[in-house]
Amino acid sequence: MALALAGCSAARPLPATWLPPADLPAPTRSEGSVTIDAPEPGRVAVESLVVALRGAIGARDAGALRGLLAPVLGGIDRPAFAMSREAWLQHLDALHAGADALDAMPALTAHAQCAPRCRPGVLLEPGEWLVAWPRGAGVARPRGAPTDRVVPWMLRVSVRDGVAVVTGLDDDIVAALGPRPAVSGGARP
Amino acid sequence: MARILGYFASQVDRLRCVCAAEDGARLERDARHGFGVGSHQGREVLLRRWPTGLAHPLDLAEVAGDLRSGSVLAQVRRATVGGRLPENTQPFRFRQWMFAALGTLPGGADGRARLASTMPSFLSDTLRGETDSEALFHHLLGALFRAGALDAEGLERSALRDHLAAGLASLDDLLGARAPLALLLSDGAGCVGFARSTPMRWLRRVGIARCPVCSGTAQPVAHETLRYALLADGEPSMPGWRPWGGHDDGAFVTVDRGFEVREARWSDLR
């Protein structure tokens, strides 16, 4: 699957090797003779974040979305991570145009599910999750969306102290397959 | 059929209804040279651009009917300056400002370079495309910057109009000629339009008596509380539309937060 987003320089295909195996058993634990679901640590926090993201996208609430993605959008306190305003707006354009396509629940992949093939230290690190909407680029372009846009569909999320925080958007996740970029987003001011 | 359209409404989910109710709001269907629509979402300006054009006839309700915004600009391109790139496809945006225009400035590339040389560097540095319209947009932003109005919230429409008048006066001085022109500039709280030698028209209405989109066969739906204003190019051919901007002198139209529309001749402002 190739990922291409206008304004993003990195657009290389993702290798399939890091994806979790399809037959991965659901995480469970046993209490006596009963086996019950045992979500990985952090899953609840990640799901809460995804619910909030879907709500903001569905409502086309740019302010709420900006707040949820603030850790990767940067700001005066984290200038090194600052995405350019134009890059952010292009993400927002695509999210807005593709809101319907992003209405589905994304797949959540924990580091533990893909390790060691998720290349710890490069793509997912311990405590990190990959949030990927099921439709890849090329499929996710919604009806009526501009031809130069595809829907962003991957987020890297880190769970710290029970709180899920977005630490990467699709373009720099792809870029992470090479050297980890110092700056997320485009290079324009 | 219009090539430029400004839509300003008191409700965010009525673009499709207004498109269906107002035949005069129909856009040119041939959008093979490119098409773009911009909308305000809060203080952000979001864009959908088709820089390489639409292969099928343009229907604004189809491509933008899902927008939830009361401030929308749309422009059908006739590519005269610049390639078919997103950077050359209107509307343009800068911070909270959204802009669309028709017309070609005199002077060509030299004229654009002259405009760029007089802009603050943060504006000339962010010129991305090759079009006259983007250069004009940034030139007018420069006029707003010099007036201390670039980041002003709740700017009175009359003040915004006067700042634009100053910017347009300096544009003519810099280029040494006056060209036919039509432009719409919005900050999400209404709009200011200017046109000269380019026939334009505007419309203001309250309510849609029987919405063609929302009404069922037996159950008519009226949007009584909806207020909206439309600005478009072309001569008025439908009831309710009023002409402006066809004179050489030039004229402004302002749409305020209450969707009241006011006209002013440029000669009266100078």
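The values are calculated or read from the model by the stated rules, or taken from the named source; none is laboratory data. Small disclaimer: the values here were computed from a predicted structure and weren't measured. Glycine gets a Cβ as well: all are built from the backbone with ideal geometry, and neighbour counts include every protein chain shown. To get the accessible areas, we keep the full protein, side chains included, count just its heavy atoms, and leave off ligands, DNA and RNA. Shrake-Rupley method; radii C 1.70, N 1.55, O 1.52, S 1.80 Å.
Structural remarks
- Test: residue in the range B:39-48 that is in contact (Cβ under 8 Å) with a residue 60 or more places away in the chain, more than 21 Å from B:Gly234 (Cα to Cα), open to solvent by 10 Å² or more (accessible area, probe 1.4 Å) and within 15 Å of the chain's Cα centre (by Cα): yes
- Residues that are more than 13 Å from chain A (Cβ to nearest Cβ) and not in a helix (DSSP H, G or I) within the range B:91-111 comprise B:Phe99, B:Ala100, B:Ala101, B:Leu102, B:Gly103, B:Thr104, B:Leu105, B:Pro106, B:Gly107, listed in sequence order.
- Meets criteria (in contact (Cβ under 8 Å) with a residue 60 or more places away in the chain and either closer than 24 Å to B:Pro86 by Cα or part of a helix (DSSP H, G or I) (or both)) for B:Ser158: yes
- Pick from the range A:89-107, criterion within 18 Å of A:Val157 (Cβ to Cβ) and surrounded by 19 or more Cβ atoms within 10 Å (Cβ to Cβ), ranking: modelled with the highest pLDDT: A:Pro106
- Residues of the range A:61-72 satisfying the condition of being at the interface with another protein chain (Cβ under 10 Å from one of its Cβ atoms) and either surrounded by fewer than 20 Cβ atoms within 10 Å (Cβ to Cβ) or touching an Asp or Glu at 6+ places or on another chain (Cβ under 9 Å) (or both): A:Asp61, A:Ala62, A:Gly63, A:Ala64, A:Arg66
- Residues of the range B:188-203 that are part of a loop (DSSP other than H, G, I, E, B) and either more than 11 Å from the chain's Cα centre (by Cα) or at pLDDT 95 or above (or both): B:Gly188, B:Ala189, B:Ser197, B:Thr198, B:Pro199.
- Long-range neighbours under 6 Å by Cβ, at least six apart or interchain, first residue of a type in the set (Lys, Arg) within the range A:89-106, second buried (at least 20 other Cβ atoms within 10 Å of the Cβ): none
- Tally, over the range B:13-38, of residues that are outside any strand (DSSP E or B) and either under 23 Å from B:Phe92 (Cβ atoms) or open to solvent by 50 Å² or more (accessible area, probe 1.4 Å) (or both): 14
- Within the range B:208-235, the residues that satisfy the criterion of being farther than 30 Å from B:Gly103 by Cβ, in a strand (DSSP E or B) and open to solvent by 10 Å² or more (accessible area, probe 1.4 Å) are B:Ile208, B:His223, B:Glu224, B:Thr225.
- Selection count, the range B:244-262, where residues are without any contact (Cβ under 8 Å) to a residue 60 or more places away in the chain and either under 16 Å from the mean Cα position of the chain (by Cα) or part of a helix (DSSP H, G or I) (or both): 3
- Tabulated pairs, the range B:1-28, first farther than 15 Å from B:Trp202 by Cα, second crowded, with 22+ Cβ neighbours inside 10 Å and of a type in the set (S, T, N, Q), C-beta under 6 angstrom, 6+ apart or interchain: B:Val12/B:Ser69
- The range B:59-69, subset in a loop (DSSP other than H, G, I, E, B) and at pLDDT 90 or above, residue farthest from the other protein chains (Cβ to nearest Cβ): B:Asp59
- Filter result (crowded, with 20+ Cβ neighbours inside 10 Å, over 14 Å from B:Leu203 (Cα atoms) and out of contact with any Asp or Glu (no Cβ under 8 Å at 6 or more places or on another chain)) within the range B:246-270: B:Gly250
- Residue match in the range B:70-85 (condition: within 10 Å of chain A (Cβ to nearest Cβ) and not in a strand (DSSP E or B)): yes
- Members of the range B:105-139 found to be open to solvent by 10 Å² or more (accessible area, probe 1.4 Å) and of a type in the set (A, V, I, L, M, F, W, C), listed by number: B:Leu105, B:Ala109, B:Ala113, B:Ala116, B:Met119, B:Phe122, B:Leu127
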